[in-house]
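These notes concern the structure reproduced below.
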Amino acid sequence: MTKEYKFKEIEEKLLKEWEEKNLFKTEEKPDKDKFYVLEMFPYPSGRIHMGHVRNYAIGDVVNRYLKMKGKNTLHPMGWDAFGMPAENAAIKSGVHPAKWTYENIDYMKKELKRLGFSYDWNREVTTCNPDYYRWNQWIFLKMYEKGVAYRKSAVVNWCPHDMTVLANEQVIEGRCWRCDTPVVQKEIPSWFLRITDYAEILLNDLEELKGKWPEAVLTMQKNWIGKSVGATIRFPVEGSTAAIEVFTTRPDTIFGVTFMALAPEHPLALELTKGTEQEKEVSEFINKYLSMSTKDRNIVEEKKGVFTGRYAVNPLTGEKVPIYLANYILWGYGTGAIMAVPAHDERDHEFAKKYGIPIKPVIKPIDSEWNFEEKAFEEEGILINSNSFNGLKSSEAKEKITEELEKKGIGEKTINFRLRDWNISRQRYWGTPIPIIYCDECGIVPVPEEDLPVVLPENVEFTGMGNPLEKVEEFVNTTCPKCGKPARRETDTMDTFIDSSWYFLRYCDPHNDKAPFDKEKADYWMPVDLYIGGIEHAVLHLLYSRFFTKFLKEIGLVKVHEPFSQLLTQGMVLKKWIKIEKLLEILGVDENITVEELKERVEKLSKQK
């Protein structure tokens, strides 16, 4: 026996043998116990990195072990292939996104095969292939039929120079990441999915996943859905027929309201000051914060505001309270307005101290003293300064005060969710075209199923200015399927999270050209028994996958209501050692760089580098 282990020779021989024998090909075998093991599929960025290897090695070990134990295992692989990097590459170097993507897939597939992972490559799925995204469009049409998909205006980050919508992560300190132009907030028509209709069931079904999913993930999903029970209350605007509607989880504090605060985007913000001496100051304040992304607004530390010159009336006390615009109130959260109670909310307290607004305590601690001028008391306690409700505990007062509001017709008990409907519109080329046609005669018309897929055109110019699809006349101009008159095709494409929200089902029947998948095959394999991926996907991808599964169950395509029985979050590769000479070469700098400059450069490196 030779002492030398010729790993290259041995491995290449075995890999060839495995491929020739189709060793990992899987079929449904109803007489055998199944096990579906799946790792989150990668974006084809160009190279497999250590994060991928760590993830996929776990799935490979599980699959091989269970296969040897006699289980009928399914272990597929594919590509989450739509996304902005491909379009950015097209803008930068002129390479078409499809060419860039498929070349990367070819390279990464060779890397995965060379690693010897036990994938059934016969089930490979590529989401930018029309054979796949036609079913994105089909599912969208089913959601449109059921009223789950709908169109409304949405506020987005807009670059006036590039004339394009920016994701939050593309807004750097209020400016476009590509051209450094100040970003503005702009309202444009968008397509939404009504995930809020599923909020209660998405929350309740987390109970079934306890002990099977990491507790941290369950907590993150619960917080993201964010169920809260409270009251909706209407505060009339003095001298107007308008009223400011607020949602609060603390109706027990209504007697302590000393000002109202509106988001800068609130529809009443400009209306209240039209023709007044405050109009200019209010308008400047609004414009300042409209240029900030929601992400940046969320991390604003200093509370700032502007008085509108108008007052609202507390519906239970009749007291007038000033109306402010405030930078810490966000449009799209609740009603975009709050009843501000400085004595019992720390943000309101900070704002009141800054602008000299009274602080009126209406709840005291049960068994201690409190300095309300120094800090807000945010816990529950005993009501004071609250008329007939004095002496009640907060929990009881919430119910009693809500009953009083309902009796007077000025409010009602409300269950609210932090979760918002999913805006799936993207003003970009490299994504699934939304299968909708606009006709002057017939209005919004869905593309007939027999005309799917709506395929992305290839003759597109990528300039970085606006949505490339809008400039392709042969794509945009079409005929109405209803009346046959000239019509216009929707040019928005779908959020790429759509692609990954059901791909695990397509693996069950990847070559079906009559349906997204065969129900019997999906019922055999689903749910995924072990799903492996990073905890950074704890909320959006996993929540959207759960939402899609519940919708597909509603329309009779699957029997399961949860897609993933067990979730393993494998952790992230945070650090690897590298020689200083190699690092300087990667960064393109010489050895005279300071430690501070080096640190700054390193922090800007992408995870791939």
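The values are calculated or read from the model by the stated rules, or taken from the named source; none is laboratory data. Just so it is clear, the structure is predicted and the values come from calculations on it, not from any experiment. Using ideal geometry, Cβ is built from the backbone for each residue, glycine included, and neighbour counts are taken over all protein chains shown. Note: accessible area is taken over every heavy atom of the protein model, side chains too, but ligands, DNA and RNA are not part of it. Shrake-Rupley method; radii C 1.70, N 1.55, O 1.52, S 1.80 Å.
Of I188, I172, all but one fail to be surrounded by fewer than 16 Cβ atoms within 10 Å (Cβ to Cβ), at pLDDT below 85 and more than 29 Å from Y503 (Cα to Cα); the exception is I172. T491 meets all of the listed conditions (1) under 22 Å from the mean Cα position of the chain (by Cα); (2) open to solvent by 30 Å² or more (accessible area, probe 1.4 Å) but one, namely (2). The requirement of being more than 20 Å from N314 (Cα to Cα), modelled with pLDDT under 95 and surrounded by 15 or more Cβ atoms within 10 Å (Cβ to Cβ) is satisfied by F417.
A count restricted to region 365-380 and to residues that are farther than 15 Å from E346 by Cα and open to solvent by less than 100 Å² (accessible area, probe 1.4 Å) stands at 2. From the list E200, E208, E277, the lone residue that is acidic (D, E), part of a helix (DSSP H, G or I) and open to solvent by 80 Å² or more (accessible area, probe 1.4 Å) is E208.
If you take the residues in region 216-269 that are farther than 21 Å from N385 by Cβ and of a type in the set (F, W, Y), which one is surrounded by the fewest Cβ atoms within 10 Å (Cβ to Cβ)? Among residues in region 216-269 that are farther than 21 Å from N385 by Cβ and of a type in the set (F, W, Y), the one surrounded by the fewest Cβ atoms within 10 Å (Cβ to Cβ) is W224.
Can you tell me which residue among I401, I437 is crowded, with 19+ Cβ neighbours inside 10 Å and in a strand (DSSP E or B)?
On the way: I401 fails: in a strand (DSSP E or B).
Just a single option satisfies the conditions, and that option is I437.
It is to be established whether one or more residues within region 508-528 are in contact with a Ser or Thr (Cβ under 7 Å, 6 or more places away or on another chain), surrounded by 17 or more Cβ atoms within 10 Å (Cβ to Cβ) and at negative phi. Yes, some residue in region 508-528 is in contact with a Ser or Thr (Cβ under 7 Å, 6 or more places away or on another chain), surrounded by 17 or more Cβ atoms within 10 Å (Cβ to Cβ) and at negative phi. Of the set (1) within 17 Å of L115 (Cα to Cα); (2) surrounded by fewer than 19 Cβ atoms within 10 Å (Cβ to Cβ); (3) touching a residue at least 40 places away in the same chain (Cβ under 8 Å); (4) not basic (K, R), all apply to E17 but (3). You will find that of T491, T414, T479, T402, the residue that is of a type in the set (S, T, Y), farther than 30 Å from M77 by Cα and free of Cβ contacts under 8 Å to residues at least 40 places away in the same chain is T479 and no other.
Every condition in (1) under 29 Å from L203 (Cα atoms); (2) outside any helix (DSSP H, G or I); (3) over 33 Å from the mean Cα position of the chain (by Cα) holds for E406 except the one numbered (2).
Among residues belonging to region 498-517 that are acidic (D, E) and touching a residue at least 24 places away in the same chain (Cβ under 8 Å), point out the one that is nearest to Y133 (Cα to Cα). First the steps, then the outcome.
Of the residues in region 498-517, the ones acidic (D, E) are 499, 509, 513.
Subset that is touching a residue at least 24 places away in the same chain (Cβ under 8 Å): 499, 513.
Details: D499: 8, D513: 12 Å.
The qualifying residue nearest to Y133 (Cα to Cα) is D499.
Consider K32 against the criteria (1) surrounded by fewer than 19 Cβ atoms within 10 Å (Cβ to Cβ); (2) modelled with pLDDT of 95 or more; (3) part of a loop (DSSP other than H, G, I, E, B): it satisfies all of them except one. Which criterion is unmet? Every condition holds for K32 apart from (2). Among (1) over 16 Å from L316 (Cα atoms); (2) touching a residue at least 12 places away in the same chain (Cβ under 8 Å); (3) not polar (S, T, N, Q), there is one condition P267 misses while meeting the rest; what is its number? With respect to (1) over 16 Å from L316 (Cα atoms); (2) touching a residue at least 12 places away in the same chain (Cβ under 8 Å); (3) not polar (S, T, N, Q), P267 is out only on (2).
No other residue among F372, F351, F307 is modelled with pLDDT of 90 or more, in a helix (DSSP H, G or I) and in contact with a Pro (Cβ under 9 Å, 6 or more places away or on another chain) apart from F351.
Quick check: is even one residue across region 156-163 under 16 Å from the mean Cα position of the chain (by Cα), open to solvent by 60 Å² or more (accessible area, probe 1.4 Å) and within 30 Å of G83 (Cβ to Cβ)? Give the steps one after another, and end with the answer.
First, pick out the residues of region 156-163 that are under 16 Å from the mean Cα position of the chain (by Cα): 156-157.
Keeping just the survivors that are open to solvent by 60 Å² or more (accessible area, probe 1.4 Å) gives none.
No, region 156-163 contains no residue that is under 16 Å from the mean Cα position of the chain (by Cα), open to solvent by 60 Å² or more (accessible area, probe 1.4 Å) and within 30 Å of G83 (Cβ to Cβ).
Looking only at region 299-340, residues that are open to solvent by less than 30 Å² (accessible area, probe 1.4 Å) and of a type in the set (V, I, T) come to 5 in all.
Taking region 424-434 as the search range and keeping residues that are modelled with pLDDT of 95 or more and either small (G, A, S) or open to solvent by 10 Å² or more (accessible area, probe 1.4 Å) (or both), which one is nearest to the chain's Cα centre (by Cα)? Only one residue fits best here, namely G431.
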